């Protein structure tokens, strides 16, 4: 095991050093680590590699809606220099341009527009969705075609996870009366985050679940589901906490109301930070190779990268579990029936 | 779209994507899978329950069988006991009867022997009388010269007497 690990590391470091010439060709110090943030952030094109001066990229659709110009479709390569693949104000089109920091602007700053582009992360999400649908629908086929038999193939892979989410996350946190109503949501949440996390670990994949927009969206779903299912007791706890004297309510009620929002906020930040930090750490170790330009550092870095990758596999699962678990807990709090007041 | 500022486009697409996944999976994956799991769990539970019932029944049956066997054994023992009792009784009775019969027969035999003996004695008495008379007759007929001749004669006579 250890020997394989070291062999793999050496192989990888040779591979990375093979590319380092290309990176060094770029020049100054900043560029050697400059690839880290663009990787963890969103982008309008999917950039795979740069070999010499050839950029291997997948141009993605840019979709913009503005009240005055309506819905407009472009392709990301419309906004960049075809030679250097650089975005910039000089390569604008139809009144829009993409800055070098990958942000879309209107040439006229007073105009309002809405950006619905299929960015790298959106494209990644489509791939993740395709994988999830393929996995689950093929698993479901087994249960339809051979009901009552032991699971086989994909079904035997997903069934323990489904049973785990149902029996260990939904049931204890929501209670046996209502847990089945929320199990589909929790299952979708778990697999969406988990598969997204895992696929984000592939080389050249996008940091999809580590994007704050995605974690924001998922947290908002949990927030909405929690609050529209909140029963009388739940709201009573928020606005007239039982057993608390009236003067104290002046403090407690605002705290409770803030609490409604801090819960999904914590969900959002936790997933975003855990996944993004993992990617940054891995990329930083790779960047060390370019900074030091040494085989020894390359070897050590690659060993670390492989090691962190294993940790990231763990984190991917833990974060999916934690997000689902906390969602279940928040929903459970909202639908819990108290009989002690 | 900075690192910590959520972009509208991604929020829109991820919400849409997630809702589509949620809808499709709920309808075509989670519901059938959960239902199938539920059904399977139920059938397993039922099977276990019925196995438990069958086992209990088996145990009951076994207990009952044992009870029956036990009762049969007791009955057999009591029957054997009664039979041996009866047999003993019968032997006892037979013995007593035989004894009685034997006694009667013995009595009869004794009585018969007695009569026979009496008759024989009578006969002997008569014979002795006859013989005595014959001896006396012969004696008288002879010449009693000497005691030896007399002795010899008596011996001869006695020899001639055939008792019975």
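Any read-out appearing in this document is the output of simple, stated calculations on the displayed coordinates, not a laboratory observation. Remember, it's a predicted structure, so these values are computed and weren't measured experimentally. Glycine gets a Cβ as well: all are built from the backbone with ideal geometry, and neighbour counts include every protein chain shown.
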- Rounded FRET efficiency, nearest 0.05, which uses the C-beta distance separating residue B:86 from residue B:106 and R0 of 45 Å: 0.95
- Note on the structure: Between the Cα axis of helix A:154-164 and the main Cα principal axis of chain A, the angle (0 to 90°, nearest 10) is 50 degrees
- Message: Can you compute the equivalent ellipsoid semi-axes for chain B, i.e. the square root of 5 times each eigenvalue of the Cα gyration tensor, sorted largest first and rounded to whole Å?
- Response: 137, 17, 9
- Rounded if a/c is under 1.5, else prolate if a/b is larger than b/c, else oblate: which is segment A:130-195, with a ≥ b ≥ c the root eigenvalues of its Cα gyration tensor? oblate
- For the protein assembly as shown, share of DSSP beta bridges that run antiparallel, in % to the nearest 5: 100 percent
- Most mobile of B:20, B:74, B:113 in a GNM of chain B (Cα contacts under 10 Å): B:20
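For segment A:58-118, calculate the relative contact order in percent as a whole number, restricting contacts to Cα pairs under 8 Å that are 6 or more residues apart. All intermediate terms of the calculation are to be shown ahead of the outcome.
Details: 101 pairs, mean separation 20.8, N = 61.
It rounds to 34 percent for segment A:58-118.
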- Comparing B:80, B:34, B:106 in a Gaussian network model of chain B (Cα, 10 Å), the one with the largest mean-square fluctuation is B:34
- Item | chain B: angle of helix B:8-25 to the longest principal axis, Cα-based, in degrees nearest 10 | 30 degrees
- Order of A:318-326, B:122-130, A:195-203 by packing, highest average Cβ count within 10 Å first? A:318-326, A:195-203, B:122-130
- Within the set A:170, A:206, A:266, GNM on chain A using Cα springs under 10 Å gives the largest fluctuation to A:266
- Task: Order the peptides A:272-281, A:242-251 from the highest to the lowest mean number of other Cβ atoms within 10 Å of their residues.
- Result: A:272-281, A:242-251
- Message: How large is log10 of I(q)/I(0) for segment A:58-118 at q = 0.15, 0.24, 0.25, 0.29 Å⁻¹ when the intensity is taken from the Debye formula with one equal scatterer per alpha-carbon?
- Response: -0.39, -1.00, -1.08, -1.39
- Roughly how crowded by other chains is peptide A:125-133, in terms of the mean Cβ count from those chains within 10 Å of each of its Cβ atoms? 3
- Message: I'd like the mean, over residues of A:39-46, of how many other protein chain beta carbons sit within 10 Å of each residue's own Cβ.
- Response: 2
- Query: Counting pairs of alpha carbon atoms under 8 Å apart in space and at least six apart in sequence, what relative contact order in percent does chain A give?
  - Reply: 21 percent
- Task: Work out the mean other chain Cβ neighbour count within 10 Å for the residues of A:110-119 and drop it here as an integer.
- Result: 3
- Note on the structure: Measuring from the longest principal axis of the C-alpha atoms of chain B, the long axis of helix B:147-160 (C-alpha) lies at a number of degrees, nearest 10, equal to 40 degrees
- Prolate/oblate/rounded label for segment A:120-335 (Cα gyration tensor, a/c 1.5): oblate
- Short version: what are the Cα gyration tensor semi-axes of the protein assembly as shown, square root of 5 times each eigenvalue, largest first, in whole Å? 124, 33, 20
